[in-house]
Amino acid sequence: MAWNTISDKKNKRVYTSLTRFWTDKKFGGWFVWLDDVFYHALINAWAGDWTTARNCLRAVMDCTVPEGNFACLMSEHTEWVDRSQPPIFGFIIYEYYLLTNDREFLDEAYPMLLRSHMWWF
(Lines give C-alpha, C1' and ligand atoms only; values in the text may rest on other atoms or scores of the structure.)
Protein backbone atom coordinates (compact mmCIF):
# COMPACT_ATOMS: atom_id res chain seq x y z
CA MET A 1 0.00 0.00 0.00
CA ALA A 2 2.83 2.38 0.78
CA TRP A 3 4.03 2.39 -2.84
CA ASN A 4 0.82 4.06 -4.03
CA THR A 5 0.42 6.39 -1.07
CA ILE A 6 0.81 9.90 -2.44
CA SER A 7 1.16 13.41 -1.13
CA ASP A 8 -1.58 15.53 -2.65
CA LYS A 9 -0.09 19.01 -2.40
CA LYS A 10 -3.15 20.81 -3.79
CA ASN A 11 -5.54 19.44 -1.15
CA LYS A 12 -2.87 19.07 1.55
CA ARG A 13 -3.47 15.39 2.26
CA VAL A 14 -1.76 12.03 2.07
CA TYR A 15 -3.76 9.00 0.94
CA THR A 16 -3.38 5.78 -1.03
CA SER A 17 -4.21 6.24 -4.69
CA LEU A 18 -4.97 3.68 -7.38
CA THR A 19 -1.56 4.20 -9.00
CA ARG A 20 1.31 6.64 -8.81
CA PHE A 21 1.83 6.48 -12.57
CA TRP A 22 -1.37 8.30 -13.51
CA THR A 23 -1.35 10.85 -10.71
CA ASP A 24 0.68 13.61 -12.35
CA LYS A 25 0.50 12.70 -16.03
CA LYS A 26 -3.19 11.97 -16.38
CA PHE A 27 -4.95 13.65 -13.47
CA GLY A 28 -2.96 16.79 -12.62
CA GLY A 29 -1.37 15.78 -9.33
CA TRP A 30 -4.22 14.05 -7.49
CA PHE A 31 -7.24 11.85 -8.06
CA VAL A 32 -9.69 9.93 -5.93
CA TRP A 33 -11.29 6.98 -7.66
CA LEU A 34 -13.98 6.11 -5.19
CA ASP A 35 -14.06 2.37 -4.65
CA ASP A 36 -10.29 1.97 -4.99
CA VAL A 37 -9.65 4.47 -2.20
CA PHE A 38 -12.33 2.78 -0.06
CA TYR A 39 -10.58 -0.58 -0.47
CA HIS A 40 -7.21 1.01 0.22
CA ALA A 41 -8.62 2.39 3.46
CA LEU A 42 -9.78 -1.09 4.43
CA ILE A 43 -6.47 -2.75 3.57
CA ASN A 44 -4.52 -0.06 5.43
CA ALA A 45 -6.77 -0.56 8.45
CA TRP A 46 -6.33 -4.33 8.37
CA ALA A 47 -2.55 -3.77 8.19
CA GLY A 48 -2.71 -1.57 11.29
CA ASP A 49 -1.91 1.69 9.47
CA TRP A 50 -4.92 3.47 10.88
CA THR A 51 -3.66 6.96 10.06
CA THR A 52 -3.42 6.20 6.35
CA ALA A 53 -6.75 4.37 6.50
CA ARG A 54 -8.37 7.43 8.02
CA ASN A 55 -6.66 9.69 5.46
CA CYS A 56 -8.09 7.55 2.65
CA LEU A 57 -11.57 7.81 4.15
CA ARG A 58 -11.19 11.57 4.49
CA ALA A 59 -10.08 11.85 0.85
CA VAL A 60 -13.31 10.13 -0.19
CA MET A 61 -15.39 12.21 2.21
CA ASP A 62 -13.90 15.33 0.60
CA CYS A 63 -15.46 14.16 -2.67
CA THR A 64 -19.06 14.36 -1.49
CA VAL A 65 -21.19 16.35 -3.91
CA PRO A 66 -24.17 18.55 -2.97
CA GLU A 67 -26.66 15.89 -4.12
CA GLY A 68 -25.28 13.60 -1.41
CA ASN A 69 -23.38 11.00 -3.39
CA PHE A 70 -19.67 10.41 -3.33
CA ALA A 71 -18.22 11.33 -6.72
CA CYS A 72 -17.09 8.34 -8.75
CA LEU A 73 -13.87 10.13 -9.68
CA MET A 74 -12.42 13.48 -8.72
CA SER A 75 -9.15 15.01 -9.88
CA GLU A 76 -7.62 18.29 -10.91
CA HIS A 77 -8.92 17.72 -14.47
CA THR A 78 -11.93 15.42 -14.03
CA GLU A 79 -15.12 15.39 -11.95
CA TRP A 80 -17.48 12.45 -12.33
CA VAL A 81 -20.07 13.84 -9.95
CA ASP A 82 -23.17 12.53 -11.73
CA ARG A 83 -22.41 8.93 -10.83
CA SER A 84 -20.93 6.91 -8.03
CA GLN A 85 -19.71 3.39 -7.39
CA PRO A 86 -21.25 0.66 -5.21
CA PRO A 87 -22.37 2.00 -1.82
CA ILE A 88 -19.74 0.25 0.29
CA PHE A 89 -18.87 3.15 2.60
CA GLY A 90 -21.02 1.75 5.40
CA PHE A 91 -19.13 -1.54 5.36
CA ILE A 92 -15.72 0.16 5.14
CA ILE A 93 -16.36 2.65 7.94
CA TYR A 94 -17.82 -0.13 10.11
CA GLU A 95 -14.71 -2.28 9.64
CA TYR A 96 -12.51 0.74 10.38
CA TYR A 97 -14.49 1.39 13.56
CA LEU A 98 -14.24 -2.25 14.70
CA LEU A 99 -10.46 -2.09 14.35
CA THR A 100 -9.91 1.35 15.87
CA ASN A 101 -12.89 2.06 18.16
CA ASP A 102 -12.70 5.59 16.75
CA ARG A 103 -16.23 6.71 17.62
CA GLU A 104 -15.45 10.37 16.91
CA PHE A 105 -14.60 9.59 13.28
CA LEU A 106 -17.64 7.34 12.95
CA ASP A 107 -19.85 10.20 14.20
CA GLU A 108 -18.22 12.56 11.70
CA ALA A 109 -18.74 10.16 8.79
CA TYR A 110 -22.32 9.15 9.59
CA PRO A 111 -24.13 12.20 8.12
CA MET A 112 -22.26 11.75 4.82
CA LEU A 113 -23.03 8.05 4.82
CA LEU A 114 -26.72 8.77 5.40
CA ARG A 115 -26.88 11.36 2.59
CA SER A 116 -25.10 8.97 0.25
CA HIS A 117 -27.55 6.16 0.99
CA MET A 118 -30.49 8.52 0.51
CA TRP A 119 -29.04 9.43 -2.91
CA TRP A 120 -28.80 5.74 -3.81
CA PHE A 121 -32.12 4.55 -2.44
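Among the helices (runs of 4 or more DSSP H) confined wholly to segment 2-84, which include 3 or more residues that are surrounded by fewer than 17 Cβ atoms within 10 Å (Cβ to Cβ) and modelled with pLDDT under 90?
Result: 20-25.
When you go through His40, His77 one by one, which is the residue that is under 14 Å from the mean Cα position of the chain (by Cα) and under 21 Å from Lys10 (Cα atoms)?
His40
Mind checking which residues of segment 51-97 are of a type in the set (Asp, Glu) and touching a residue at least 40 places away in the same chain (Cβ under 8 Å)?
Scanning segment 51-97 gives Asp62, Glu67, Glu76, Glu95.
Which of (1) in contact with a Lys or Arg (Cβ under 9 Å, 6 or more places away or on another chain); (2) more than 19 Å from Leu114 (Cα to Cα); (3) of a type in the set (S, T, N, Q) does Thr64 not meet, given it meets every other one?
Answer for Thr64: the failing condition is (2).
Across segment 85-121, which residue is nearest to Tyr15 (Cα to Cα) among those that are surrounded by 15 or more Cβ atoms within 10 Å (Cβ to Cβ) and small (Gly, Ala, Ser)?
Ala109
Under 9 Å between Cβ atoms, at least 6 apart or on separate chains: pull out the pairs that start in segment 98-116 with a residue that is without any contact (Cβ under 8 Å) to a residue 60 or more places away in the chain and end on any residue that is surrounded by fewer than 14 Cβ atoms within 10 Å (Cβ to Cβ) and not in a helix (DSSP H, G or I).
Qualifying pairs under 9 Å: Leu99/Gly48; Arg115/Glu67.
The values are calculated or read from the model by the stated rules, or taken from the named source; none is laboratory data. All figures in this text were calculated on a predicted structure; none of them were measured in a lab. Here Cβ is always computed from backbone atoms with ideal geometry, including for glycine, and neighbour counts include all displayed protein chains.
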